[in-house]
Amino acid sequence: MINIRRETVADYPAIAQINTLAFGQDSEAKFIEQIRNSERYIPELSLVAEIERMVVGHILFSYIDLVNEETLKVLGLAPLAVHPQFQRQGIGSALIKAGLEIAEANKEAVVIVLGHPEFYTRFGFQTSVIYGIESPFPVPEEFFMVKPLQNYRERYKGKVIYPPAFNEV
């Protein structure tokens, strides 16, 4: 049974360990810390997954900028990590679904992710170019994806600008 809830300060060490194990390095753990200490942090969108009261997964949505004639705040999904012993059991999917529900409830407009298309398209993410949203990185376009939410409008176009914390990852 997976329990999804907001992270607490007591979860920080487990979250750092899960990200370090899942990514094989500590840059994501440091990145999470930087986001937490910035104005881009959204406490209700930093979620953990627990199994029998043990934290086994984490997802973070934070604000990034979408720049065109105006600068709009949109959600960036990064990182998503599940402890290696608990991967491929639906935990990452449960975290994404819970985060998207909260994002909808918060009346956010769009979520942007750089990730594997075969995974994220299952949740309604599509190539960002369809929406006129440009990646700041030179990556194959199928890896830079967007999930429009109910508050999405045509004006959500332009180039994504990540806050400085993203430069560390």
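Here is a check on your reading of the model: is L47 assigned to a strand (DSSP E or B) and aliphatic (A, V, I, L, M)? Judged against the criteria, L47 is a match.
So for the range 68-76 (the condition being among the basic types (K, R) and either open to solvent by less than 20 Å² (accessible area, probe 1.4 Å) or not in a strand (DSSP E or B) (or both)), does at least one residue qualify? No, the conditions are met nowhere in the range 68-76. Scan the range 12-28 and report the pairs whose first residue is in contact (Cβ under 8 Å) with a residue 60 or more places away in the chain and whose second residue is part of a helix (DSSP H, G or I) and surrounded by fewer than 18 Cβ atoms within 10 Å (Cβ to Cβ), with Cβ atoms within less than 6 Å and a gap of 6+ or a chain change. Filtered contacts from the range 12-28: L21/P84; S27/E168. Tell me, please, whether a residue that is more than 16 Å from the chain's Cα centre (by Cα) and crowded, with 17+ Cβ neighbours inside 10 Å can be found in the range 157-164. Within the range 157-164 (the criterion being more than 16 Å from the chain's Cα centre (by Cα) and crowded, with 17+ Cβ neighbours inside 10 Å), the answer is yes, since at least one residue qualifies. Inside the range 122-138, residues that are of a type outside the set (A, V, I, L, M), in a helix (DSSP H, G or I) and either free of Cβ contacts under 8 Å to residues at least 12 places away in the same chain or open to solvent by 70 Å² or more (accessible area, probe 1.4 Å) (or both) make up a count of 1.
Can you pull out every residue in the range 37-71 that is charged (D, E, K, R) and within 18 Å of N106 (Cβ to Cβ)? First the steps, then the outcome.
Within the range 37-71, the first condition is being charged (D, E, K, R), and the residues that meet it are 39-40, 44, 50, 52-53, 65, 69-70.
Across the range 37-71, the qualifying residues are E39, R40, E44, D65.
This table checks each residue for (1) under 24 Å from S135 (Cβ atoms); (2) crowded, with 23+ Cβ neighbours inside 10 Å.
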site: R53; (1), (2): no, no
site: D65; (1), (2): yes, no
site: L80; (1), (2): yes, yes
site: H83; (1), (2): no, no
site: F86; (1), (2): no, no
site: Q89; (1), (2): no, no
site: G99; (1), (2): yes, yes
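Scanning the range 93-108 turns up no residue that is more than 30 Å from Q17 (Cβ to Cβ), among the hydroxyl-bearing types (S, T, Y) and at pLDDT 95 or above.
Any idea which of I4, I64, I35, I59 is assigned to a helix (DSSP H, G or I) and touching a residue at least 24 places away in the same chain (Cβ under 8 Å)?
Numbers: I4 fails: assigned to a helix (DSSP H, G or I); I64 fails: assigned to a helix (DSSP H, G or I); I59 fails: assigned to a helix (DSSP H, G or I).
On inspection, the qualifying residue turns out to be I35.
Filtering the range 101-119 to residues that are over 17 Å from F144 (Cβ atoms) and surrounded by fewer than 15 Cβ atoms within 10 Å (Cβ to Cβ) leaves E101, E104, A105, N106, K107. How many residues does the range 24-51 hold that are of a type in the set (D, E) and crowded, with 21+ Cβ neighbours inside 10 Å? Of the residues in the range 24-51, 1 are of a type in the set (D, E) and crowded, with 21+ Cβ neighbours inside 10 Å.
The values are calculated or read from the model by the stated rules, or taken from the named source; none is laboratory data. Everything numeric here is computed off the predicted structure, so don't read it as measured data. Quick reminder, even Gly has a Cβ in these numbers, built from the backbone with ideal geometry, and neighbours come from all protein chains shown. Side chains are part of the model used for accessible areas, which takes the heavy atoms of the whole protein and leaves out ligands, DNA and RNA. Shrake-Rupley method; radii C 1.70, N 1.55, O 1.52, S 1.80 Å.
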